[in-house]
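The values are calculated or read from the model by the stated rules, or taken from the named source; none is laboratory data. The structure displayed is predicted, hence computed values, not measured ones. Positions of Cβ are generated from backbone atoms using ideal geometry, with glycine treated the same way; all protein chains shown enter the neighbour counts.
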Amino acid sequence: MTVQQTTLDNIKTEALAEFDDLIEMAFGTGTGAEDPSDTALGNEIERNVFDETPLKSIAAGTYDFSGLLGLSEGNGNTIAEVGLFNSSSGVTMKSRKLLTNTVAKTSNKDLSVGIRITVEVINA
């Protein structure tokens, strides 16, 4: 079966649109396993608006988000998780990710985290 590229692009466009309303990245210290039903971080300690405009690529099927904890934020905590949220009120967390390597946050370093969401069409 042959599927035209425009159909695949439409599928990617619709799937990626689910993330168009995201505006914030939260940082936390929770270490519990990731679960698709998560609605909050395990232990949120800071939330910031993205430090760069999210970059969406329909052709690649990707959405890139970038968040930053500045020198004065989150100090004294071991950052172990991040989450993507659509607003600070009426909040919906659409993604939670445990960091591969935790970071002991201090005032002499800032922390930049990038998250890429990828949409793939399988068995088209």
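Quick check: is even one residue across the stretch 75-96 buried (at least 17 other Cβ atoms within 10 Å of the Cβ), of a type in the set (Lys, Arg) and closer than 16 Å to Ile23 by Cα?
Yes, the stretch 75-96 contains at least one residue that is buried (at least 17 other Cβ atoms within 10 Å of the Cβ), of a type in the set (Lys, Arg) and closer than 16 Å to Ile23 by Cα.
So Gly114 passes all but one of these: (1) surrounded by fewer than 18 Cβ atoms within 10 Å (Cβ to Cβ); (2) under 17 Å from the mean Cα position of the chain (by Cα); (3) assigned to a loop (DSSP other than H, G, I, E, B); (4) not acidic (Asp, Glu). Which condition number does it fail?
In the conditions (1) surrounded by fewer than 18 Cβ atoms within 10 Å (Cβ to Cβ); (2) under 17 Å from the mean Cα position of the chain (by Cα); (3) assigned to a loop (DSSP other than H, G, I, E, B); (4) not acidic (Asp, Glu), Gly114 misses (3) alone.
If I go through the stretch 1-33 residue by residue, how many of them are surrounded by 12 or more Cβ atoms within 10 Å (Cβ to Cβ), among the charged types (D, E, K, R) and modelled with pLDDT of 85 or more?
Qualifying residue count, the stretch 1-33: 3.
Within the stretch 36-72, which residues are part of a loop (DSSP other than H, G, I, E, B), acidic (Asp, Glu) and in contact (Cβ under 8 Å) with a residue 40 or more places away in the chain?
Asp38, Asp51
Kindly indicate whether Gly61 is over 22 Å from Asp110 (Cβ atoms), of a type outside the set (Phe, Trp, Tyr) and touching a strand residue (DSSP E or B) at 6+ places or on another chain (Cβ under 9 Å).
Answer is yes for this residue.
Considering only residues that are part of a loop (DSSP other than H, G, I, E, B), modelled with pLDDT of 95 or more and farther than 13 Å from Met25 by Cβ, which ones fall in the stretch 73-106?
Within the stretch 73-106, Asn75, Gly76, Asn77, Lys105, Thr106 meet the criteria.
If a residue has to be surrounded by fewer than 10 Cβ atoms within 10 Å (Cβ to Cβ) and among the acidic types (Asp, Glu) to count, how many in the stretch 34-46 make the cut?
1
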